[in-house]
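Have a look at the structure below before the remarks.
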Amino acid sequence: MIKLFVVGYPLDIQEAELIEIFSIHGMLHSVHLLTDKVTHKHKGYGFIEMVDQAGADRAIAAINGMVLKGRKISVKLADENRAEKPRTTFKPNRFHTEEGQSNAGSGEQFKNKRPRKLVSNTFRAEK
């Protein structure tokens, strides 16, 4: 099974329409379009598994860059070991580091702000 990553398809597209487009180029094994958990609307990307490599190559060549309902579809091979690879770029911490120095001048940014007033939830006896 060859897994393809598909991104940029129209958000109002039905799964059957994508199956129709991809099945022209080869046999499909499965289609998984990611949706929002709350609204159940498509997020605009998903995965399609093709049975053979030749069909996957034909689908990539034909569909990658295709414009459908005003949106450009991008198709490429999915990175199978993505979960195993660590992310290579991290944003620097904007808070204090171990050496006691602050990054990006965050200390000066909050210097003039008043601290929040803490409100306790305990019952206060009236005088």
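Looking for something modelled with pLDDT of 85 or more, part of a strand (DSSP E or B) and among the hydrophobic types (A, V, I, L, M, F, W, C) - is there at least one such residue anywhere in the range 53-63? Let's see the steps before the verdict.
Residues of the range 53-63 modelled with pLDDT of 85 or more: 53-63.
Those left that are additionally part of a strand (DSSP E or B): none.
No: zero hits.
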Review point. Within the range 22-45, is there a residue that is of a type in the set (A, V, I, L, M), in a strand (DSSP E or B), crowded, with 16+ Cβ neighbours inside 10 Å and touching a residue at least 40 places away in the same chain (Cβ under 8 Å)?
Key: no
Exercise for review: Could you tell me whether the range 5-17 includes any residue that is of a type in the set (S, T, Y) and more than 22 Å from the chain's Cα centre (by Cα)?
Suggested key: no
Review point. Hey, among the residues in the range 56-70 that are surrounded by 15 or more Cβ atoms within 10 Å (Cβ to Cβ) and in contact (Cβ under 8 Å) with a residue 40 or more places away in the chain, which one's nearest to D12 (Cα to Cα)?
Key: L68
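The values are calculated or read from the model by the stated rules, or taken from the named source; none is laboratory data. Quick caveat: nothing in here was measured; it's all calculated off a predicted structure. With ideal geometry, Cβ positions are generated from the backbone for all residues, glycine too; neighbour counts draw on all protein chains shown.
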